[in-house]
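Please read the structure below before turning to the comments.
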Amino acid sequence: MRGYALEYVDRVLAQLRQIRLQSPFRHMVTPGGYTMSVALTCCGTAGWTADRKGYRYAAIDPQTGQPWPAMPDVFLALARQAADQCGYAGFTPDSCLINRYVPGARLSLHQDKDETDFSAPIVSVSLGMPAMFQFGGLKRSDRPEKIPLFHGDIVVWGGPDRLRYHGVMALKDNPHPLLGSNRINLTFRKTA
Ligand SMILES: O=C(O)CCC(=O)C(=O)O
Ligand SMILES: [Fe+2]
């Protein structure tokens, strides 16, 4: 949905400034020992973490030892409204992953499958620099479709598409008036 988040941007970025003070962006290390090029923080009652032992959702931010910041009302309202618009009424995410990309950062093809409830969709909000999103099939080998995402765009995938592979190609430096050489992506999930 092109530009769907635009009217929320100012309020979302104001909340993000608070969130990152409490739980800063960090580069997670995957179980395979690879440091992710994308920096991550989270809010909500559950946050996503990766370490040598694997991937999981947890109530505590391992870096601060404190609970993840609460999900701001404006985040919830945006996610709800977008999900409603796509036919997923009553979406109640308990987690929002916040990814920060700088030029060259990328996210390789993966499925969002650490949640326990696949009946809820994923709502993904793009802010800042444009990126090329890859939307594949249910098998890793399915050739992905390329979808350019711009500031304010929202993608929602659920139902039969919930476990489709997806990723983000390495970002080009294409500074954005509001966010400079950064791209911020929010993904809202119902993890339990
Ligand atoms: O940055 C994006 O557009 C996608 C992020 C994503 O797939 C994820 O956080 O699992
Ligand atoms: Fe994902």
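The values are calculated or read from the model by the stated rules, or taken from the named source; none is laboratory data. Quick caveat: nothing in here was measured; it's all calculated off a predicted structure. No Cβ is skipped: glycine too gets one built from the backbone with ideal geometry, and neighbour counts run over all protein chains shown. These area figures cover heavy atoms from the full protein model, side chains too; ligands, DNA and RNA do not enter into them. Shrake-Rupley method; radii C 1.70, N 1.55, O 1.52, S 1.80 Å.
Just name the residue that is nearest to ligand 1 (Cβ to nearest atom) out of those in the stretch 127-143 that are small (Gly, Ala, Ser), surrounded by fewer than 23 Cβ atoms within 10 Å (Cβ to Cβ) and touching a residue at least 24 places away in the same chain (Cβ under 8 Å). Steps first, answer last, please.
Step one: list which residues in the stretch 127-143 are small (Gly, Ala, Ser), which gives 128, 131, 136-137, 141.
Checking which are surrounded by fewer than 23 Cβ atoms within 10 Å (Cβ to Cβ) leaves us with 136-137, 141.
Still in the list and also touching a residue at least 24 places away in the same chain (Cβ under 8 Å): 136-137.
Details: 136: 11, 137: 15 Å.
Among those that are small (Gly, Ala, Ser), surrounded by fewer than 23 Cβ atoms within 10 Å (Cβ to Cβ) and touching a residue at least 24 places away in the same chain (Cβ under 8 Å), it is 136.
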Note on residue 56: of the conditions (1) more than 16 Å from ligand 1 (Cβ to nearest atom); (2) within 20 Å of residue 28 (Cα to Cα); (3) of a type in the set (Lys, Arg), unmet is (1)
If we take the stretch 91-143, then strands (runs of 3 or more DSSP E) inside it with 2 or more residues that are away from ligand 2 (no atom under 15 Å from the Cβ) are 122-128
Subset of the stretch 3-35, residues touching a residue at least 40 places away in the same chain (Cβ under 8 Å) and of a type in the set (A, V, I, L, M), comes to 5, 6, 9, 12, 13, 16, 19
Exercise. Does at least one position in the stretch 76-91 carry a residue that is out of contact with any Phe, Trp or Tyr (no Cβ under 9 Å at 6 or more places or on another chain) and either within 29 Å of residue 181 (Cα to Cα) or open to solvent by less than 30 Å² (accessible area, probe 1.4 Å) (or both)?
Worked result: no
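Just to be sure before I move on: is residue 61 open to solvent by 50 Å² or more (accessible area, probe 1.4 Å) and modelled with pLDDT of 95 or more in the structure I sent?
Details: open to solvent by 50 Å² or more (accessible area, probe 1.4 Å): no; modelled with pLDDT of 95 or more: yes.
No; evaluated as a whole, the condition is false for this residue.
In the stretch 166-184, what residues are open to solvent by less than 30 Å² (accessible area, probe 1.4 Å) and either under 25 Å from residue 137 (Cα atoms) or assigned to a loop (DSSP other than H, G, I, E, B) (or both)?
Looking only at the stretch 166-184, we keep the residues that are open to solvent by less than 30 Å² (accessible area, probe 1.4 Å), and these are 166-168, 171, 180, 183-184.
Of everything in the stretch 166-184, those that are open to solvent by less than 30 Å² (accessible area, probe 1.4 Å) and either under 25 Å from residue 137 (Cα atoms) or assigned to a loop (DSSP other than H, G, I, E, B) (or both) turn out to be 166, 167, 168, 171, 183, 184.
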